[in-house]
Amino acid sequence: MNILVDENIPYGPEAFGTLGTVRKAAGRSITNAMLADVDALIIRSITKVNAALLEGTPVRFVGTCTIGEDHVDKAFLAGQGIGFSSAPGCNANSVAEYVVTALLYLAQKYGFDLNSKRLGIVGVGNVGSKVRRKAEALGMTCVLNDPPLAAKTGDPAYRSLDEIRECDVITFHTPLNKSGDHPSWHLADEAFLASLRPGTVLFNTSRGAVVDNSALEAALRRGHITAAVLDVWEKEPTPDLDLLALSDIATPHIAGYSFDGKVNGTRQIYEALCAVLGIDAPWDPKPLLPPLPELTVDPDSPDVLTTAVLQAYDLPGDDARMRGITSASPDEQGVYFDRLRKEYPVRREFFNTRIRLTRPDNGLRDTLSGIGFNVVS
């Protein structure tokens with residue numbers, strides 16, 4: 001069995017090498033000709049899978065090690081009898097930790113108290129539900145919006161976009177749908193942004209086109225939006241540099257790039273392919289994982305919670321590296337963006353970090369545990 005694996009998938013050769021011969025390739029460079037002898041294609045979100053890529057090839061299985069599926073023409077795959085699997089939830093915790101880290105960073109930067117803020121969460125699936133739990137651990141009040149879940153469950157907990165517009169902070173965690181009952185393309189358009197409370201903070205870690213980037217840039221220039229945290233961009237891998245300059249935090253589509261999240265994706269797609277082949281899935285990534293970090297935290301130190309979180313995840317470092325794209329020539333900006341993703345440093349999720357408090361502090365312990373840390377004393 002011949003398997004082509006995106007080179008950015010951790011442990012791809014180790015996992016899929018148990019099933020056949022593995023060849024690696026850069027995700028954006030995969031072409032129809034490269035698949036002439038390939039049985040299974042394992043990708044991430046930057047590879048567009050459609051008829052043009054697969055027609056005339058022997059590919060019988062496509063797996064994407066991501067939550068999102070909008071880069072895959074699933075109707076074409078189904079029509080051709082090609083197996084498909086994504087990795088729902090694989091990096092949901094990683095994205096939620098990105099959002100929590102950014103919230104604490106902005107609260108410190110602007111001097112506001114998260115306990116007094118309402119967080120509007122648009123999309124309450126794998127990611128949004130985890131964002132909710134962590135934000136509530138920080139003392140925030142969460143307002144939930146998810147029309148598909150509202151229609152399915154009838155749960156009054158899901159509120160209208162009108163109530164979302166009244167929130168202090170709004171974060172998007174929706175798939176990108178251009179049609180259907182609940183389209184999300186440019187959900188945050190000029191009219192939506194203009195209807196927000198002055199001073200709103202906006203996050204987008206879903207898909208770039210969920211937010212109209214030109215409209216957001218205009219809103220930031222007017223000062224109507226106080227701060228923007230953007231991990232995803234229209235026209236990736238060449239984001240609007242003017243919007244980037246106006247954003248408080250700008251990163252290259254890496255919110256879900258924790259090492260744990262990526263390995264989860266590898267494992268899920270490996271198991272899915274094994275299921276298609278009707279064989280056991282013995283590969284286990286645990287022996288390959290790097291050692292676990294440990295932090296000692298003084299509850300009496302200033303901004304102790306923010307300091308602890310930024311020690312576990314250097315989000316400002318991600319932001320600084322992203323801003324280096326402005327020094328690249330226009331022809332090299334896409335290469336620079338992709339290199340940041342390819343060479344992304346190992347980031348472990350909070351649950352791997354053991355925190356020791358220098359003295360008992362139940363409030364801090366509960367908050368640290370609530371956002372995911374392993375507090376051992």
**Report entry** Test result for residue 29, of a type outside the set (A, V, I, L, M), surrounded by 21 or more Cβ atoms within 10 Å (Cβ to Cβ) and closer than 23 Å to residue 235 by Cβ
**Finding:** no
Exception for residue 64 within (1) over 23 Å from the mean Cα position of the chain (by Cα); (2) surrounded by 21 or more Cβ atoms within 10 Å (Cβ to Cβ); (3) β-branched (Val, Ile, Thr) falls at (1)
Exercise for review: Could you tell me whether segment 347-364 includes any residue that is within 29 Å of residue 247 (Cβ to Cβ), in contact with a Pro (Cβ under 8 Å, 6 or more places away or on another chain) and either assigned to a helix (DSSP H, G or I) or of a type in the set (Ser, Thr, Tyr) (or both)?
Suggested key: yes
Checked pairs for segment 226-243, first free of Cβ contacts under 8 Å to residues at least 12 places away in the same chain and not assigned by TED's automatic domain parsing to the domain that holds residue 214, second crowded, with 19+ Cβ neighbours inside 10 Å and in a loop (DSSP other than H, G, I, E, B), C-beta under 6 Å and 6 or more apart or across chains, list as none
Counted residues in segment 32-61 being buried (at least 17 other Cβ atoms within 10 Å of the Cβ), among the small types (Gly, Ala, Ser) and farther than 23 Å from residue 258 by Cα come to 1
Looking across segment 365-377 at residues that are farther than 12 Å from residue 309 by Cα and out of contact with any strand residue (DSSP E or B) (no Cβ under 7 Å at 6 or more places or on another chain), the single one that is surrounded by the fewest Cβ atoms within 10 Å (Cβ to Cβ) is 366
Report whether or not residue 252 is more than 19 Å from residue 123 (Cβ to Cβ), modelled with pLDDT of 95 or more, under 18 Å from the mean Cα position of the chain (by Cα) and surrounded by fewer than 21 Cβ atoms within 10 Å (Cβ to Cβ).
no
Considering residues that are more than 20 Å from residue 101 (Cβ to Cβ) and surrounded by 12 or more Cβ atoms within 10 Å (Cβ to Cβ), the number found within segment 264-297 is 18
_So for segment 74-97 (the condition being charged (D, E, K, R), under 30 Å from residue 306 (Cβ atoms) and surrounded by fewer than 18 Cβ atoms within 10 Å (Cβ to Cβ)), does at least one residue qualify?_
no
By residue number, the members of segment 232-249 that are farther than 13 Å from residue 205 by Cβ and surrounded by 24 or more Cβ atoms within 10 Å (Cβ to Cβ) are 239
Of those in segment 1-25 that are among the small types (Gly, Ala, Ser) and under 20 Å from residue 259 (Cβ atoms), the residue surrounded by the most Cβ atoms within 10 Å (Cβ to Cβ) is 15
In the set 292, 243, the lone residue that is assigned to a helix (DSSP H, G or I) and hydrophobic (A, V, I, L, M, F, W, C) is 243
Per the filter on segment 322-358, residues in contact (Cβ under 8 Å) with a residue 12 or more places away in the chain, charged (D, E, K, R) and more than 18 Å from residue 97 (Cβ to Cβ) are 323, 338, 342, 356
In segment 206-240, residues that are in a helix (DSSP H, G or I), within 14 Å of the chain's Cα centre (by Cα) and either polar (S, T, N, Q) or farther than 23 Å from residue 345 by Cα (or both) total 1
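Conditions tested, residue by residue: (1) assigned by TED's automatic domain parsing to the domain that holds residue 140; (2) in contact with a helix residue (DSSP H, G or I) (Cβ under 8 Å, 6 or more places away or on another chain); (3) at positive phi.
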position: 189; (1), (2), (3): yes, yes, no
position: 197; (1), (2), (3): yes, no, no
position: 269; (1), (2), (3): no, no, no
position: 273; (1), (2), (3): no, yes, no
Checking 246, 310, 216, 241 in turn, the sole residue that is more than 24 Å from residue 111 (Cβ to Cβ) and at pLDDT 95 or above turns out to be 241
With the first residue restricted to segment 178-191 and required to be small (Gly, Ala, Ser), and the second required to be at pLDDT below 95, Cβ contacts under 7 Å at 6 or more apart or on different chains are 184/175; 184/176; 184/177
Given the conditions (1) under 23 Å from residue 235 (Cβ atoms); (2) touching a strand residue (DSSP E or B) at 6+ places or on another chain (Cβ under 8 Å); (3) at pLDDT 95 or above, every one holds for residue 98 apart from (2)
Among residues of segment 1-28 being free of Cβ contacts under 8 Å to residues at least 60 places away in the same chain and touching a Pro at 6+ places or on another chain (Cβ under 8 Å), the residue nearest to residue 62 (Cα to Cα) is 5
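The values are calculated or read from the model by the stated rules, or taken from the named source; none is laboratory data. Note that the structure is predicted; figures quoted are calculated from it, not measured. Backbone-built Cβ (ideal geometry, glycine too); neighbour counts: all protein chains shown.
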